[in-house]
1. Which value results when the Cα radius of gyration for region B:5-55 is divided by 2.2 N^0.38 Å?
2. Sorting A:83, A:112 on the 10 Å Cβ count, fewest up front, what's the list?
3. Give the Kirkwood hydrodynamic radius (Å, one decimal) of region B:42-86, defined as one over the mean of 1/r across all pairs of different Cα atoms.
4. With a cut-off of at most 14 other beta carbons within 10 Å, and DSSP calling the residue loop, which trypsin sites (Lys or Arg not before Pro) in region B:147-202 qualify? Please list them.
5. Around residue A:543, which amide H atoms from residues at least 5 apart in sequence, or from another chain, sit under 5 Å from its own amide H, with H modelled in the peptide plane?
6. Among the lysines, select those whose C-alpha is under 19 Å from the C-alpha of residue A:326, and discard any that sit fewer than 8 residues away in the same chain.
7. For the cross-link pairs A:59/A:88; B:49/B:88; A:320/A:417; A:567/A:617; B:149/B:211, which exceed 19 Å when the distance is taken from alpha carbon to alpha carbon?
8. Could you let me know the centre-to-centre spacing of region A:109-158 and region B:14-28, using Cα atoms, in angstrom?
Amino acid sequence: MAPSFDHLRDADVDEDDYDENEIDLSDLREKYEVQLEQGFDTFVVIDGLPEVTEEQKPKLVKFLLKKLKSVGNTKEESIFMPMADNGKSLRFAFVEYSTPAEAAAAVRQLDMVPLDKKHTLRVNKMTDIERFGREGRVEEEYQPPMIEEFKEKEHMRSWLADPSGRGRDQFAMYRGESVGVFWNNEKDTPENVVDRQHWTESFIQWSPLGTFLTSVHQQGVQLWGGPSWTRQRRFAHPFVNMLDFSPGEKYVVTWSNRPISIPDEGHPQLAADDDGKNYVIWDVETGKPLRSFANLDLPTTGPDGQPLKAPPKFPWPAFKWSADDKYVARLTQGQSISVYELPRMTLLDKTTIKIEGVQDFEWAPATVQRDGNKKYEQLFCYWTPELGSNPAKVGLMSIPSKEVVRSLNLFSVSDAKLHWQSDGTYLAVKVDRHSKSKKSQATTLEIFRVKEKGVPVEVVDTIKDTVINFAWEPKGDRFVVITTTEPAGQTAVPPKTSVAFFCPEKVKGNAVGNFKHLRTLEKKNSNSIYWSPRGRFVVVATIANAQGSDLEFYDMDFEGEKPESDKDLTANLQLMNVNDHYGVTDVQWDPSGRFVTSWASAWKHAMENGYHIYDFKGEQLREEPLEKFKQWAWRPRPATLLTKEEQKQIRKNLREYSKTFEQEDAERVAGADQAVVEERRRMLDEWYAWRQSVEEELEWEREELGLSNPADAATAKGEEGEGEVIEEIVEEVLEETEEIVQ
Amino acid sequence: MRPILLSGHERALTQIKFNRDGDLLFSVAKDQHVCAWFSHNGERLGTYKGHQGAIWTVDVTPDSSMIASGSADNTIRLWEVKTGRLLKTWEFPTAVKRVEFNEEGTQLLGVTEKRMGHLGSIVVLNINPDINGEQSDEKELTIVCDESKATVAGWSYMNKYIIAGHEDGSVSQYDAKTGEQLENLPIHDLNMQLTDLQWSNDRTYFITASKDKTSKLVASRDLEVLKTYPSDTPLNSATMTPKKDFVILGGGQAAMDVTTTAARQGKFEARFYHKIFEDEIGRVRGHFGPLNTVAADPTGKSYASGGEDGYVRVHHFDKGFFDFSYEVERERQRAMQQ
């Protein structure tokens, strides 16, 4: 440490002690000497040239110059091609550019560029050659690279084997400044697995299969996992706002609204090419970026010169993944869809798919096997609005063949929303139509039966009101729609809503009948639909609404009596429970479909932050108010490894399995009760022991001071004094009877 | 447990005190007069008029002959309980936030506010137990709180210590004879002021209430935290029930925040916790504003709460209250009897 001013010793200040000439400055000189001849930053060395004679040389130089000028400014005199003694060239040349930046550009862009069939240019910076190739830097003998000893990695899916053997699910909670991961203990306090202060800066997110917990920081995104919760990957995308994993966790796309700026000294993960980009697509396995993209400039005027209305905030997700992680696609609104093949991130067939007017597209969430089509394919659907006299269209395109497998023409369309069922069996297109005068609105649901021959389309009866929410039953064929009489605007009191349930009709055989309306519940405030991930149960909730905060738990396959009117339908609707969670902002099912959590997040408001846990029947199990509670996230589970037969077997013997589990549960509850009693006994004994010690000490101190116990004095006084008699008259009517005497 | 509603005050209650026999109840509010009530039926014994500002605090001597009250008019006044006669007025530079008699009623402490260049302080006054005797003007002792002002204070067992709770959430122990600070510990969260401090029967431990939403049981001799009772709302007052090992906490959303929440979210309930097990065992609703003060009858028969709504509610406990015991408590009782 340098001596500070306060601690200067005399010797430090005394200047007469030494002679300036005696100091050996050679080391400093060497270090800081200006080396004039080393301004080689504008030079590049080009290798891989053909061997030429003195006569051929000018021709080659001219040819070369054409290529070199494509990246920067140079001239014939600046190219120096040394010749060997035998009159032939040495197959390399030195080139001087006018600026170092141009030289750098030449290295980046001209390296590995083929000159002709036989020759490929190798371009290096002069300074690099000096640095790496100088004598002594290159070892004469080949040294095999050190291979690091194999270290076994942590088991990334260890959490699936719940140590308690109960198959519990994990969840992450972000409250205050800390993030914790817990085991769900239903009624009891969740069991903490890990808890860290400032683990994330903005939010947390699980990867789709639950392998990684993602934390988001100013410097980028980090993935954590394994039993010790160590950092597994880091994607240094500065000022990242959003991220989205591919369904199989192989890739991730990060987005920042600030264009990336690569500092001069370089970036640990991104290259200079990524400068100015907003999206980066990363390979999760290697942690390397695959390709980066800039935000699309959305056209502000339509093709007819009319200014378009502002696009909704920002479209996210912009890059959408196919179900098998093989493709990722981005929409250029009104023009085209660009499909990129992973992992090379090159455009499929090197072109974008032009679809005039395209508004939105959605990949099928699963790989679909269409009837009569044996080939592997990914499907996506898209829609285009009416253009001139052409009708609006909904299309279904197969990738990689780019074949439109189904297209549907629609008229008087003002908007459309695409909703895939989770298996890709159905595609519901919610079409908002206007009358010719554009005064009245109506909505129809066009349902594509993707897996049936020829992809038939069924229209579900017209809904007069505005549809504000729609949700398919996961892995099922029923759906719930929420409608409202007026479009939801910026009114103080949102209008009343109606909740409608739909299901297919009963038909013979395995086929699925036509979709029929099952029931409508009117005059509600509900605005959100949360299906159990296993289907059958659905929560219809009123979220972030001043009018109410109720959660209604419905069973679609109620095992009780079925109303006569529904006998031809494949559902029996029953409201199981209604709960009220004041200020609820979010609802989420656990991955097993056994529990539902609702929470009030401090991101939305500061009142009553905390969470509730319910079972699937809507019975509240637990309630915990937590200061500054922000986010809850159930850890997703990967798909089961059991075969269909094995699953069937388990379902068949469910009674046997549940017997053992129920017994375990009962034992655990009894054990916990015993522990509580023991703990109370301990607290009671501890308290009385403390009281005894204090009382003894007090008595002793009193005697020391010669004082009498005021309590004794009070009782003594009470005995001496006249006793006070308080009379209380209590009148009690035991029975009153009225008899009429005749 | 049907409450008796005492509606004698026009403004928010600030403190309630039972006398030692539990038959009288004294209440003070921001409306400038002290009320005395019969606790068993809620009949008003009388009022003590004279203060010129909101009254923050009241206390009664062990023999129930005199009461002292501290007010925002910068005075402590001493009154004769029986007649309502003003016996003495002590003037201070700032408002008086707390008064308390010692165990014998021979000394009185007062906590003065920090304001207008005056530091907060704790003063000790000698009291002449003779009701017709002359009361001294002299201050026996003045403790100046130069770090964080005291908000509450009281006498420990045998007048050994003065314990004070501060605005910064800490609790101090002073020598009651010399005024020397012996201990200062951060009992509650930093800058979450103590709002109440009430004593156990023998003054060997006390209960605190704080804006940090917790209440704590603390030992007088070493300020060791014995128990913690967490709640979900800022607390204004806490008391212990004699006879049964319970504590009662009162609080609620601060008055200024009430309009921003739904009525049922105000948390204007008295909360009962088990003193030893720290479990919440019940709540009593009724007030429609935050509870500013709770007090337990020293004989254990009742408790009273005073709210921002201007009402005092006196609750006489039912049989069920006295019968309620944890299994381990009954176990212990049986063991003691054998």
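1. Dividing the Cα radius of gyration by 2.2 N^0.38 Å gives 1.07.
2. Going from least to most buried by this count: A:112, A:83.
3. Kirkwood hydrodynamic radius for region B:42-86: 11.0 Å.
4. Those satisfying the criteria are B:177.
5. Those lying under 5 Å, H to H, from residue A:543 are A:527, A:528.
6. The reachable lysines, counting only those whose Cα sits under 19 Å from residue A:326, are A:250, A:288, A:350, A:374, A:375, A:402.
7. Listed pairs above 19 Å: A:567/A:617.
8. Between the Cα centre of region A:109-158 and that of region B:14-28, the gap is 88 Å.
No value in this document is a laboratory result; all are computed from the given coordinates. Remember, it's a predicted structure, so these values are computed and weren't measured experimentally. Because the Cβ atoms are built from the backbone with ideal geometry, glycine has one as well, and the counts that use them run over all protein chains shown.
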